[in-house]
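Comments concern the structure below.
The values are calculated or read from the model by the stated rules, or taken from the named source; none is laboratory data. Bear in mind that the values here come from a model prediction, so they are computed numbers and not experimental data. Using ideal geometry, Cβ is built from the backbone for each residue, glycine included, and neighbour counts are taken over all protein chains shown. These accessible areas exclude ligands, DNA and RNA; they are computed on the full protein's heavy atoms, side chains included. Shrake-Rupley method; radii C 1.70, N 1.55, O 1.52, S 1.80 Å.
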Amino acid sequence: MDTKLPLLKGTLDLLILKALSCAPTHGYGLASWLERHSSGELTAEDSALYQALHRMEGRGLVEAEWGVTENKRRARYYNLTTKGRQHLESESTTWARYAASVSAILELDPTSAS
Amino acid sequence: MLDYRRILRLRFGRRSEIRREMDEELRTHIELRTEELMGKGMSPEEAREEAERRFGEFDRARRELYASAMKREARLERGRFFDDIGRDIRLAVRRIFRSPGYATVSISILALVIALTTITFAVVDGVLLRPLPFPAPDRLVSLQSVSEESGPYPQISMANWFDWQEQSTTLASTAIWRQDRLSVRVGDESFRATGTSVGGRFFDVIQPTMQAGRPLTFADGQDIALVTVLSSGFAQLHFGSSSAALGQTVGISGRTYEVVGVADGPTSYPEQTDLWVAFFVNPGSGAIRNSINFESVARLAPGADIESTKAELDAVARGIRESDPEGAFHSWGVGVVPLRDQVVAGSAETLWMLMVAVAGVLLVACANLAGLGLARARSRESEVSLRMALGSGRARIVRQFLVEYLGMAVIGGALGFVLAWVAGGAILDRLTIDLPRADGVTLDLRVALFTAAITIGAGLLAGILPAVRTAGSGRFGSGHRTARGGRGLPGGLLVATEVALALSILIGGGLLLRSLQVVVSRDLGYEPHGVLTTEVDLNGEEYRRGPLATEYWRTLIEDLEESPDVASAAVANWIPAAPGGTSFLSFPDNLEPDFGGGYRVVSEAYFETMEIAQLDGRTFGPDDHQDSDRVAVVNRAMAERAWPGRSPIGQQISAPSMERWMYDGDAPWLTVVGVVEDIRHWGYEAEVRPELYVLYRQLPAPTRGMNLVVRGSGTDQAGLAATVQDVLRSSSASPAFELEWLGDRVDDLLGERIVTQRVLAGFSLTALLLMCLGIYGLVAHAAAQRTREMAVRAALGARRSGLLGLMLAAAGRVIVIGTVVGLAVAYGLAGLLESLLIDVPATDPVTFLLAAALLGVIGVLAALVPSVQAARLDPIEALRGE
């Protein structure tokens, strides 16, 4: 059975920001986007998703507006703010450097490392 | 109109609205997920369950999401609020800089008035509101003698005090004290200093901070130990430091005392004490209870309060009266008064009155600023219209303008506080009066907080009207002009308020001035100017008995009168404007009358030196001596009181409480030989009382403490002083002395009254100036508003005088209304001044009318200038400019 990787806190915020940078969407849309683009590897409890959205909305990284889905349902659409976009850029860079450093160390040949 | 609905929703409805929204968001999410799962083949019920399961435990998850949504909203609200405020402040600053003239005037007015208010409050706080600087000061009380007829005396007798404290359970510790000027010797220097003699547990009651050594104890007094505690100021002055003074010796009233402690001056009691000594307290009975020579302090026992203590002590006093019925004073009740109230008693009314007056000035300033702001409202119409078009609500605009006024107020308040700090000390020093606790007046945190509070209050008060008016002006759009727009009714009301307040303050100042004039023109009964005086104490052992003291006075007076600089010299145990004693009297047919008299031991030339008029009979002469019959001189008040309708010459009187102890039996009957004019003892404000004069040479016991009075023969004051100094120094006792002009001392008694009147005059002037500014502004603005109307009238043939009259009439209406209201306010507040006035009623019509007339003239003059300018306009130019 596939074990789905649990998301580290903080990483979820980053992924949401990335998702929203493509297009504004509602809560469910974000959840399915994440599942699709991680090929099902990454999961998050839906409630954690909304908690993250509330946090970021309070900090001004995203803003929300009521809209209508294709099926005429009322949904709350989230959107990236300028501040959120800047945050996404800087945090992505930091993440990349972090991941690269960690990978580099982990790939070291144990016999040659000293 | 403010959007009340939105405001309310924020508070009450918002929470449920958030929950509803969250529910809807979740519902959509669940439905979409359910659809997806159904698409993968699940049944609707299974799909729905799975969808909910993805949230974890669904109900708990939903509640947690409610909570995080609320937090989100709260954070957003805060952010919006601070953003708005920040924007308002930046906007306010820009606006202030755009109109520097207006801002400068407003800020200056506010700075000046807030400085005045701050200084006044600093004095009120320092003297009246601050607690005394002793541990647990609210437990300290003063014990007093009270009766229904004569009110409370802060003095009590040692005998009564002894019994009260012995039988009382509500007092933890208690003491009696008296303060005198004493002859003091440090090293080779002899001088006069202020000493406090204490009995009981004085230092337990007051608990001053000791800078060195130990305080005096009850045992010191009972052992009659020759020990003293110095005040830190005295120690530093004479020994260099508090610790250096410890163990030194000081000569006090002829005896040598050892310094066992030094107390911190500012935290000790009573004020101005240089040194403390302890005296022996003993119980007494009978008429000795009538010698109320001491003041008393006490510390309440834990759990006791003032009412219970007074009740207990009254019961004790009743018990004493029953067991020892002689004498008058001990039948009085006991007063228990908080010590702070006792210390500041004389000044409280004056200070509160000044506080009310300065508050009035502050209100005038606020009205002034509001008026200035209203005048500017029109000029901001376009700005307001623009903002409203861009979406600002009216509430928002009002808030923006309020922030602007608050901003100016804050700047003005800060400047005012700085001004008070810099100039306050100098101002208070110039107004040198002997306020109790004046040393503690500072601009500390309490005063700063007060200043901050009134600054904000003033800013809001001054700004609310113009802010609302400005926000409302956008309604008409820019460019709309009314014939009488802009300030109109509110502006007139504001100026009328200023007029009313200014008039009230002016009337107050006028009443005080009249009272001062009345008081100063009173006859004192003697002439203090030109008289040099000093206390002289004969402390040597040799003077305690026998004729040496009497001989000393006689020789001293003779030596002085030999000098050509001296017109006459005399001694008296009790001179005007100095502490002294009254005596219980006795008459052959009325052993205990219901009044007492001043008891004055004098030399023959006393009446001549003091220029007290002789009315009947004779005064003392060389035939009156120790072996001749005892004689007395009385004053007019005594004659009228004791022997109404008859001549007092030949009548008999005695002063038992003062003389009994000198004889081994009863006090002798004195025969009245003369009547002299009344005097006012405590200066112009004092009333006249019955007085009894006796000759020092006739007393069997020597008088060792006298006041020397010397009247000069010419105008050479320095010469007279030098002569008196020489004679005193070369006299056999060579006593310590302090020469002072009696005239100065009496004039100083009026000091507080004069200063109060001057301060109130200053406030009046400020209020009047502001009022003039307000009237000027109102008329100038009205003239500008009515330019077109005036131009048309002028073009149609109206004469200048007619136009002038038109402008003045409008101003006149405002002044008249303000005057009427001001008279009413002053009438209503009359009670505030009642106790400060002498011989002038607080509703004195002359003062009221004069003040109103003066104000009216000033007001019309203030209105005249802009009216004249308006009347002079050229109609063509004016219309063209429209």
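Evaluated over the Cα positions of segment B:492-577, the convex hull gives a direction-averaged projected area, one quarter of its surface, of 10.4 nm².
For B:Val227, nonlocal amide neighbours, meaning residues 5 or more places apart or on other chains whose placed amide H falls under 5 Å from its own, are B:Glu258, B:Ala278.
Other residues lying with their Cβ under 13 Å from the Cβ of B:Leu226 contribute a combined charge of -2, Lys and Arg counting +1, Asp and Glu -1. For chain B, the longest principal axis of the C-alpha atoms and the axis of helix B:751-785 are separated by about 20°. To the nearest ten degrees, helix B:394-430 and the longest principal axis of the Cα atoms of chain B are 20 degrees apart.
For B:Leu362, the solvent-accessible surface computed with a 1.4 Å probe is close to 20 Å², ligands and nucleic acids excluded.
Quick one: net charge of B:Pro283's neighbours, Cβ under 12 Å, K/R +1, D/E -1? Walk me through the numbers before you get to the answer.
Details: positive: B:Arg289; negative: B:Asp163, B:Glu166, B:Asp324.
Value of the local net charge: -2.
Under a model in which nothing but the beta-carbon of Lys, Arg (+1) and Asp, Glu (-1) is charged, segment A:58-114 shows a dipole of about 520 debye around its Cα centre. Taking amide H as placed 1.01 Å from N in the peptide plane, B:Asp616 has its amide H under 5 Å from the amide H of B:Val675, each at least 5 places away in sequence or on another chain.
Which angle from 0 to 90°, rounded to the nearest 10, does the C-alpha axis of helix B:58-98 make with the longest principal axis of chain B? Taking Cα atoms only, the helix is inclined about 70 degrees.
For the pair segment B:172-202 and segment B:45-76, the centres of their Cα atoms are 82 angstrom apart. The ellipsoid that matches the Cα gyration tensor of segment B:323-423 has semi-axes, each √(5λ) in whole angstrom, of 57, 16, 13, with the longest given first.
Between segment B:733-760 and segment A:23-61, the alpha-carbon centres lie 87 Å apart. Across peptide A:30-42, the mean count of Cβ atoms from other chains lying within 10 Å of each residue's own Cβ comes to 1.
A simple rule links phi to the HN-Hα coupling: the Karplus curve 6.51 cos²θ - 1.76 cosθ + 1.60 with θ = phi - 60°, which for segment B:803-810 gives 4, 4, x, 4, 5, 5, 4, 4 Hz, with x for Gly and Pro.
Amide H to amide H, with H built 1.01 Å from N, B:Gly335 comes under 5 Å of B:Gln144, B:Ser145, B:Val146, counting only residues 5 or more places away or on other chains. In a DSSP loop and with at most 10 other Cβ atoms within 10 Å, the GluC sites (Glu not before Pro) in segment B:64-169 are B:Glu148, B:Glu149.
The Rg/Rh ratio of chain B, with both radii computed over alpha carbons and Rh defined as the Kirkwood radius, is 1.13.
Please state, as a whole number in µm²/s, the translational diffusion coefficient that the Stokes-Einstein equation yields for the protein assembly as shown at 20 °C and 1.002 mPa s, with Rh defined as the Kirkwood radius across alpha carbon pairs. All intermediate terms of the calculation are to be shown ahead of the outcome.
On the way: Rh = 36.9 Å.
The calculation lands on 58 µm²/s.
Length, then width, then depth: along the principal axes, the Cα atoms of segment A:5-103 run 47, 29, 21 Å. Rounded to the nearest 500, the 222 nm mean residue ellipticity of chain B from helices alone is -17500 deg cm²/dmol, with -39,500 (n - 2.57) taken per DSSP H run of at least 4 residues. Look at where the Cα atoms of segment B:526-574 and of segment B:231-305 average out, and the two centres are 29 Å apart. Ligands, DNA and RNA aside, B:Asp666 has an accessible area near 120 Å² when probed at 1.4 Å.
Computed on protein heavy atoms with a 1.4 Å probe, the accessible areas place B:Thr118, A:Thr81 in the order A:Thr81, B:Thr118, largest first.
With the dipole of the protein assembly as shown worked out from charges on the C-beta (+1 for Lys and Arg, -1 for Asp and Glu) around the Cα centre, which of A:Gly84, B:Thr723, B:Leu182 lies farthest toward the positive end? Checking the options against the dipole of the protein assembly as shown, the answer is A:Gly84. With all projection directions averaged, the alpha carbon convex hull of segment B:195-265 covers 4.3 nm².
The phi-based Karplus calculation (6.51 cos²θ - 1.76 cosθ + 1.60; θ = phi - 60°) puts the 3J(HN,Hα) values of segment B:273-283 at 6, 8, 8, 10, 10, 9, 10, 7, 9, 9, x Hz, whole numbers, x for Gly and Pro. Which aspartates and glutamates, if any, have their Cα less than 16 Å from the Cα of A:Lys83, not counting same-chain residues under 8 positions apart? Partners found: A:Asp13, A:Glu57, A:Glu63, A:Glu91, B:Asp83. Phi-derived couplings, Karplus 6.51 cos²θ - 1.76 cosθ + 1.60 at θ = phi - 60°, listed residue by residue for segment B:815-831: 5, 5, 4, x, 5, 4, 4, x, 4, 5, 4, 4, 5, x, 8, 3, x Hz, with x used for Gly and Pro.
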